[in-house]
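Here the structure is laid out as structure tokens; the discussion comes afterwards.
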């Protein structure tokens with residue numbers, strides 16, 4: 001995980017390094033994407049980074065190029081870091097009995113990103129696919145989970161949304177989703193009117209409400225899979 005963080009920092013700062021003798025052969029200085037691709041290939045060849053399971057070196061090289069495009073899109077980067085921090089805190093990769101369940105966290109990250117793209121909360125950066133964006137978010141989430149110095153829960157918003165679902169769940173386990181929707185909608189309106197939630201250009205209250213409601217469904221699914229009564 002530390003190696004992945006190092007790679008992201010290097011890419012972010014533009015400190016792209018290639019091995020001697022490969023620059024002319026691979027034309028690493030032809031474009032910015034070529035420079036990133038050369039760095040990724042050399043990083044895997046020298047063991048600086050390990051290619052994630054299921055990916056080939058070619059896939060990882062394409063992913064590294066996509067990451068460089070995302071990191072050059074501040075809105076997307078900030079959104080990914082915010083979501084990743086919240087998920088790492090509120091949706092750990094464990095079941096209620098403490099057994100590991102990484103797939104549950106991964107599914108939640110993927111679903112939240114799908115909702116964000118669908119609801120207009122974030123635009124897909126040029127040069128990156130939705131799958132690459134999700135992989136980046138999952139890697140951010142894993143890195144942020146290692147931080148034990150946070151004193152204010154970054155997952156507080158997710159826990160608040162989940163509280164609406166828990167409060168609207170009957171003793172038989174069924175959820176009154178219209179009540180959840182109404183409560184979350186009123187909360188968003190209250191935050192906006194109080195000046196605690198500022199909407200950027202192009203985003204309206206309806207986008208935020210729909211995204212929050214979609215996320216509440218994601219949180220419910222996560223709790224069902226992990227058998228947790230609440231976050």
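The values are calculated or read from the model by the stated rules, or taken from the named source; none is laboratory data. All figures in this text were calculated on a predicted structure; none of them were measured in a lab. Virtual Cβ from ideal backbone geometry, glycine too; neighbours counted across all protein chains shown.
Within the stretch 41-55, residues that are more than 12 Å from residue 135 (Cβ to Cβ) reach partners that are in a loop (DSSP other than H, G, I, E, B) and modelled with pLDDT of 85 or more with beta carbons closer than 6 Å, at six or more positions or on different chains, in the pairs 44/51. Looking at this structure, is residue 99 under 20 Å from residue 141 (Cβ atoms) and in contact with a helix residue (DSSP H, G or I) (Cβ under 7 Å, 6 or more places away or on another chain)? So residue 99 fails the test. Among the residues of the stretch 104-121, those that are surrounded by fewer than 20 Cβ atoms within 10 Å (Cβ to Cβ) and either closer than 15 Å to residue 213 by Cβ or in contact (Cβ under 8 Å) with a residue 24 or more places away in the chain (or both) comprise 106, 107, 110, 111, 114, 115, 118, 119, 120. Out of 166, 160, one residue alone is assigned by TED's automatic domain parsing to the domain that holds residue 207, surrounded by fewer than 18 Cβ atoms within 10 Å (Cβ to Cβ), under 24 Å from residue 206 (Cβ atoms) and touching a helix residue (DSSP H, G or I) at 6+ places or on another chain (Cβ under 9 Å). It is 160. Taken as a whole, the structure leaves residue 203 outside the set of residues that are modelled with pLDDT of 90 or more and either more than 23 Å from residue 73 (Cα to Cα) or within 18 Å of the chain's Cα centre (by Cα) (or both).
Here residue 127 fulfils each of the conditions (1) part of a loop (DSSP other than H, G, I, E, B); (2) free of Cβ contacts under 8 Å to residues at least 60 places away in the same chain; (3) not assigned by TED's automatic domain parsing to the domain that holds residue 220 apart from (2). Counting the residues of the stretch 84-95 that are touching a helix residue (DSSP H, G or I) at 6+ places or on another chain (Cβ under 6 Å) and either touching a residue at least 60 places away in the same chain (Cβ under 8 Å) or closer than 28 Å to residue 199 by Cα (or both) gives 8.
Screening the candidates 136, 187, 196 for the property of being over 18 Å from the mean Cα position of the chain (by Cα), closer than 23 Å to residue 89 by Cβ and in a helix (DSSP H, G or I) yields one hit, 187.
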